[in-house]
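Notes for the one structure printed next.
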Protein chains: 2
Amino acid sequence: MHQWQAYLDDHQDEFLNDLRTFLSIPSVSSLSRHRNDVQQAADWVATRMEKAGIEAVRVLATHGHPVVYGHCLQQPDKPTIVIYGHFDTQPVDPVEEWTHPPFDPVVTEDRIYARGASDDKGNMLIPILTTEAILKTGGKLPINVKFFFEGQEEIGSPDLPAFMDDHKALFACDMVISADGGQWGEDQPSVIMGLRGLCGVQIDITGADSDLHSGTYGGTIMNPIHALCRLLSSLHQSDGRVAVHGFYDDVLPVTDAQGRHISAIEFDERQYCDAIGAGGLFGEKGYSTYERAWVRPTLEVNGIWGGFQEEGTKTVLPSQAHAKITCRLVPNQDPDQIVDLIHTHINKYMPDEVQVSVTPIKSKALPYLVPEDHPGNRAVASVYRQIYSKSPYYAQMGGSVPICGLFLEKMKVYTIVFAFGLNDENIHAPDEFFRLGNFRKGLTAYGLLFESLAGQ
Amino acid sequence: MHQWQAYLDDHQDEFLNDLRTFLSIPSVSSLSRHRNDVQQAADWVATRMEKAGIEAVRVLATHGHPVVYGHCLQQPDKPTIVIYGHFDTQPVDPVEEWTHPPFDPVVTEDRIYARGASDDKGNMLIPILTTEAILKTGGKLPINVKFFFEGQEEIGSPDLPAFMDDHKALFACDMVISADGGQWGEDQPSVIMGLRGLCGVQIDITGADSDLHSGTYGGTIMNPIHALCRLLSSLHQSDGRVAVHGFYDDVLPVTDAQGRHISAIEFDERQYCDAIGAGGLFGEKGYSTYERAWVRPTLEVNGIWGGFQEEGTKTVLPSQAHAKITCRLVPNQDPDQIVDLIHTHINKYMPDEVQVSVTPIKSKALPYLVPEDHPGNRAVASVYRQIYSKSPYYAQMGGSVPICGLFLEKMKVYTIVFAFGLNDENIHAPDEFFRLGNFRKGLTAYGLLFESLAGQ
């Protein structure tokens, strides 16, 4: 057994306490009232990195939430990797659906429950702790590692492109390892071959100056909720295919290799639906479920509101109606161009009797694919075989990690996802949790990954 | 001049103070936290009626908010009327849009601002005060009057049908005069020939058990907001006509007299739209604006909500989506049957992949028409000619006063609207007000109406 593995085993209680402390900081990046909490999370990360023995640790300002940097550069002949993760979290609403308060972590049945437990605080803490184990047991890291943690992933990393332009030397590397992402199952690892991109808009429709009496005015002017529903319905065909003109024009067809990898994955429709309580599958005809989730783009309404929403009845003809929309994109769709196409569609379909405003959201991510034979993929696959005693699936992720596309665009390096959360851990939902068994597995895995990359 | 007119003139300050006190009671019938306030308003009305000299005053319990009754029955050879009004109010939200607190009445420029000022406290107080003026100036009322004020009009008077069945003798009369309703303009009176009925449902759609990550699951299952928007869009044709099968089956065609009366009313499209800030008129083809507002039925979405509605972005695939719908009905549509038709439509259009629940709202009103030559209409028309020196319009109201249909169904008597609020007084909206000039006009008008009815 490696010496660092003994150190990891001996410090489990301390590491769990560290994770509890980290999770108790309500670092919700999307809400301005939590701005200081995101800063506090950055400071906590920096302090914990220094304690681990990582060098040159600093908290760097961006135009939004800060970035934390540190490094271990003691192997001039070996490759340099950037390890990426994020210390911000999603909001907690609907907070009344949480079993425990979301920022008061609870450990039960070898799971830790808190907002950010799986996405991404639990996962990003792992490489810091493994590094500590290696450094404190007399070693040095077998490769060069730069640590790069950010505080605005959950809002689409809007300030990172400019920040990266300003700090190119800091980010110079041979590849990026992302501690944000996930594994297939407790007993089934997966190499992540790609992620979807992201863009979106908010739609605000206004009719009359204020809410009106629906008896007096109903039937004489256009109801903005009716206009919004008609517009939103026009965005999809009845089979779920997106009906925005030009939406699929740049989508690359599913490759033979993608098809082969997806076919190799076990899929049980009943199990998939039962796990989330869905009444059935639904989506674009001619594609399998994982094809729809990974290699086909989507347009989803994330929220809608307008008029009277409280208990009882209020017979208003509402003044306003609103919706938030995001798209998941695949190569080679361009986020800005997709927003333009949606805007054009809305302008075409909106009637003159109401006013519409379309505001692109700040979040944006390029779609991303990594070559199957990339050295990083070979390294993580070999680590998976050691730890899980099983060949990994070659899968994709339907979600978006903006820095994947960003590092490829700005630094010309690929990002390899190496993270240990699972799909059922309620990320972005009430009762988010992280399996502590996977937390321990991840600690070992990062040690093995450093060695595997050093040996290539 | 009548002696009672002198009394009215002499007591204007006192009457205004009475109105202020009445308006300061937050008697919002739809919110359970205001239940005691509705009771307090009932008690205040009963006390004020006794002070006016009205006999047999009592507060009667229903299964919901109470009713206040009193009478003056001193003319055995003359007809008996019931005077109707309501002392409950609409909610005040959005309260932040009020210039003054809604239950702290403010008088400025001969207007009184408060929730309930026009609908209906200001209007229902008028006949009580006029009765006081007649009784205190040595007279007795020239006809028999029963006063009947309720506390649940704004929630559709759900307990009145049963209450009326239990108190038939109390309500026996030749006609009802409603102090709830309104006038056409400051210088233009109107005889109200009909009101629309009301029914409605709440729709709740559920997909997965909880909100999901739109990256992981987007494209694989049905989004409940998409399902709701598609459903709501299916309820109307693109020209605004309701598309629910059978919705128009029982609708009586516009009569020649209705068409003639509506044509006689001055209508300026620009003025109509500018008054409410609407971009243009919209509605069922083949009907004029007032025909659409009065003699054609509507289906309006009063509110919609689902998913993430706060600041910023949250990339969820929502678990739920909701909408509140009400219909305004015209003769001979039946509220229960229309709810059934909507329910059938929803069941037909909802896909199997999501679950839908349809809950009829408690509010319900029958559509209502009164014959043009009804003695009550002749009486109010003659009073209008005296007071306004002008012939009244023969108009209808797009709103609903449940007791109109109820008295016709249960007691076989018609209700004549005789009230002095105007359309621009922000009823059901922020900054509701009542013109004190119309308050004074109403006091005189009720005195003349009693005489006119006595002379028939």
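The values are calculated or read from the model by the stated rules, or taken from the named source; none is laboratory data. As the structure is a prediction and not an experimental result, all values here were calculated from the model. Cβ coordinates were reconstructed from backbone atoms using ideal geometry, including for glycine residues, and neighbour counts include every protein chain displayed.
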Does region A:125-148 contain any residue that is within 14 Å of chain B (Cβ to nearest Cβ) and touching an Asp or Glu at 6+ places or on another chain (Cβ under 9 Å)? no
From (1) within 14 Å of chain A (Cβ to nearest Cβ); (2) assigned to a strand (DSSP E or B); (3) closer than 21 Å to B:H86 by Cα, pick out the condition that doesn't hold for B:I416. (1)
Tell me, which residue of region A:192-214 that is more than 18 Å from A:P127 (Cβ to Cβ) and β-branched (V, I, T) is surrounded by the most Cβ atoms within 10 Å (Cβ to Cβ)? A:I205
B:G181 at pLDDT below 95 and either buried (at least 21 other Cβ atoms within 10 Å of the Cβ) or within 8 Å of chain A (Cβ to nearest Cβ) (or both): yes
So is B:Q237 modelled with pLDDT of 95 or more, over 26 Å from A:A243 (Cα atoms) and outside the structural domain of B:P79 (by TED's automatic domain parsing) or not? no
Quick one: in region B:339-348, of everything that is farther than 15 Å from B:L228 by Cβ and of a type in the set (V, I, T), which residue is farthest from the other protein chains (Cβ to nearest Cβ)? B:T344
Can you tell me which residue among B:I342, B:I346 is more than 27 Å from B:W294 (Cβ to Cβ) and either in a strand (DSSP E or B) or touching a residue at least 24 places away in the same chain (Cβ under 8 Å) (or both)? B:I346
Say whether the condition of being hydroxyl-bearing (S, T, Y) and assigned by TED's automatic domain parsing to the domain that holds A:D93 is met by at least one residue in region A:332-354. no
Residue list for region B:322-334, filter: within 7 Å of another protein chain (Cβ to nearest Cβ) and not hydroxyl-bearing (S, T, Y): B:K324, B:R328
Quick check, is A:G312 at the interface with chain B (Cβ under 7 Å from one of its Cβ atoms) and modelled with pLDDT of 95 or more? no
Restricting region B:202-216 to residues that are under 20 Å from A:M397 (Cβ atoms) and among the aliphatic types (A, V, I, L, M), the one farthest from the other protein chains (Cβ to nearest Cβ) turns out to be B:L212
Which residues, counting only those in region A:120-152, are more than 12 Å from A:F439 (Cα to Cα), part of a helix (DSSP H, G or I) and of a type in the set (A, V, I, L, M, F, W, C)? A:I128, A:A133, A:I134, A:L135
Residue list for region B:85-109, restricted to those being more than 12 Å from every other protein chain (Cβ to nearest Cβ) and surrounded by fewer than 21 Cβ atoms within 10 Å (Cβ to Cβ): B:V95, B:E96, B:T99, B:H100, B:P101, B:F103, B:D104, B:V106, B:V107, B:T108, B:E109
Quick one: count up the residues across region A:309-339 that are in contact (Cβ under 8 Å) with a residue 24 or more places away in the chain and in contact with a strand residue (DSSP E or B) (Cβ under 6 Å, 6 or more places away or on another chain). 18
Those residues of region B:1-56 which are assigned to a loop (DSSP other than H, G, I, E, B) and touching a residue at least 40 places away in the same chain (Cβ under 8 Å) amount to B:H2, B:H11, B:S24, B:I25, B:P26, B:S27, B:S29, B:S30, B:L31, B:G53, B:I54
Filter result (of a type in the set (G, A, S), farther than 22 Å from A:K362 by Cβ and touching a Pro at 6+ places or on another chain (Cβ under 7 Å)) within region A:138-184: A:A179
Does A:A445 satisfy being part of a strand (DSSP E or B) and out of contact with any Asp or Glu (no Cβ under 9 Å at 6 or more places or on another chain)? no
Condition set free of Cβ contacts under 8 Å to residues at least 40 places away in the same chain and out of contact with any strand residue (DSSP E or B) (no Cβ under 8 Å at 6 or more places or on another chain), scope region A:215-247, selection surrounded by the most Cβ atoms within 10 Å (Cβ to Cβ): answer is A:T220
Considering region A:349-392, residues that are small (G, A, S) and within 11 Å of another protein chain (Cβ to nearest Cβ), and then whichever is farthest from A:R296 (Cα to Cα), we arrive at A:S363
Starting from residues that are facing chain B (nearest Cβ under 7 Å) and of a type in the set (G, A, S), keep the ones in region A:276-294 and report whichever is nearest to A:V330 (Cα to Cα). A:A293
By residue number, the members of region A:240-254 that are in contact with a helix residue (DSSP H, G or I) (Cβ under 7 Å, 6 or more places away or on another chain) and modelled with pLDDT of 95 or more are A:V244, A:H245, A:G246, A:F247
Here the qualifying pairs (Cβ atoms under 6 Å; residues six or more apart or on different chains; first in region B:277-289 and farther than 17 Å from A:S214 by Cβ; second of a type in the set (F, W, Y)) come out as none
The helices (runs of 4 or more DSSP H) lying wholly within region A:238-333 that contain at least 3 residues that are out of contact with any Cys (no Cβ under 6 Å at 6 or more places or on another chain) and of a type in the set (G, A, S) are A:256-263
Give the residues of region A:369-395 that are crowded, with 22+ Cβ neighbours inside 10 Å and either touching a Lys or Arg at 6+ places or on another chain (Cβ under 8 Å) or free of Cβ contacts under 8 Å to residues at least 60 places away in the same chain (or both), sorted by residue number. A:Y384
In the list B:N438, B:N423, which residue meets the criterion of being surrounded by fewer than 24 Cβ atoms within 10 Å (Cβ to Cβ) and either in a loop (DSSP other than H, G, I, E, B) or polar (S, T, N, Q) (or both)? B:N423
